[in-house]
Amino acid sequence: MKQLLVLLALAMPALGLAEDLSASQLAGQKVFAHRCGMCHREGGTGTFVLARRLGAAQSLLEQRTDLQPETIRYVVRWGLTNMPRLSRVEVPDPDMNQLVAYLTRPRPAAAP
Ligand code: HEC
């Protein structure tokens, strides 16, 4: 039993994600996959439009480090040109908070 626990503890980091996400960031990642991913991951219309407007480097929301919480909340609730608004039924406030925690998670600064 003790050995099993030690083994589990050793295996944990290997099983973890590349990034060390907090519980709410992890929950936000799930909300993103469910509500935003079809447009904002590889091949989505959101990714396509943002690549055209802002450049490829800014096109994937999950990789952005410049998104402000107010911007995310505003765009999700009110929409933006081709992006439809999402109601509190689709994205309830607690989900929105987790989404914001995920998309604005602090990351190590990129190499200059
Ligand atoms: C039906 C497709 C679709 C869905 C679903 C969608 N988006 Fe979008 N989103 C878009 C498109 C298209 C744009 C680009 C609008 C433009 O620039 O004209 C966009 C733009 C944005 C922007 C603006 C980025 C910037 O720098 O200007 C944010 C923030 C954003 N979406 C967040 C989200 C989040 C968070 C979700 C999930 C809750 C989501 N979107 C779901 C299509 C979508």
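Side notes on the structure shown:
- Per-region count, region 45-63, residues near the ligand (Cβ under 7 Å from one of its atoms) and either under 22 Å from residue 29 (Cβ atoms) or hydrophobic (A, V, I, L, M, F, W, C) (or both): 7
- If only residues of region 79-93 that are surrounded by 11 or more Cβ atoms within 10 Å (Cβ to Cβ) and in contact (Cβ under 8 Å) with a residue 12 or more places away in the chain are counted, the one that is farthest from the ligand (Cβ to nearest atom) is 90.
- Hits in region 58-106 (condition: over 14 Å from the mean Cα position of the chain (by Cα) and among the acidic types (Asp, Glu)): 70, 90, 93
- Among the candidates 38, 96, the residue that is in contact with a Lys or Arg (Cβ under 9 Å, 6 or more places away or on another chain) and either within 11 Å of the ligand (Cβ to nearest atom) or part of a helix (DSSP H, G or I) (or both) is uniquely 96.
- For region 59-78, a residue qualifies if it is of a type in the set (S, T, N, Q), more than 19 Å from residue 34 (Cα to Cα) and touching a residue at least 12 places away in the same chain (Cβ under 8 Å), and the qualifying residues are 65, 68.
- The listed residue being modelled with pLDDT under 95 and either in a helix (DSSP H, G or I) or in contact with a strand residue (DSSP E or B) (Cβ under 6 Å, 6 or more places away or on another chain) (or both), out of 25, 3, 29: 3
- A search for C-beta distances below 9 Å between a residue of region 25-53 that is acidic (Asp, Glu) and any residue that is more than 8 Å from the ligand (Cβ to nearest atom) and not in a helix (DSSP H, G or I), counting only pairs 6+ apart in sequence or on different chains, returns 42/60.
- Condition check for residue 85: within 17 Å of residue 20 (Cα to Cα) and outside any helix (DSSP H, G or I): no
Yes/no per residue for (1) modelled with pLDDT of 95 or more; (2) over 18 Å from residue 46 (Cα atoms); (3) in contact with a Leu (Cβ under 7 Å, 6 or more places away or on another chain):
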| position | (1), (2), (3) |
| --- | --- |
| 67 | yes, no, yes |
| 71 | yes, no, no |
| 76 | yes, no, yes |
| 83 | yes, no, no |
| 89 | yes, yes, no |
| 99 | yes, no, no |
| 107 | no, yes, no |
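- When region 64-78 is filtered for residues that are more than 12 Å from residue 102 (Cα to Cα) and either more than 6 Å from the ligand (Cβ to nearest atom) or of a type in the set (Phe, Trp, Tyr) (or both), the ones remaining, listed by number, are 66, 70, 73, 74, 77, 78.
The values are calculated or read from the model by the stated rules, or taken from the named source; none is laboratory data. Please read all numbers here as calculations on a predicted model, not as lab measurements. For neighbour counting, all protein chains shown are included, and Cβ atoms are generated from backbone atoms with ideal geometry for every residue, glycine included.
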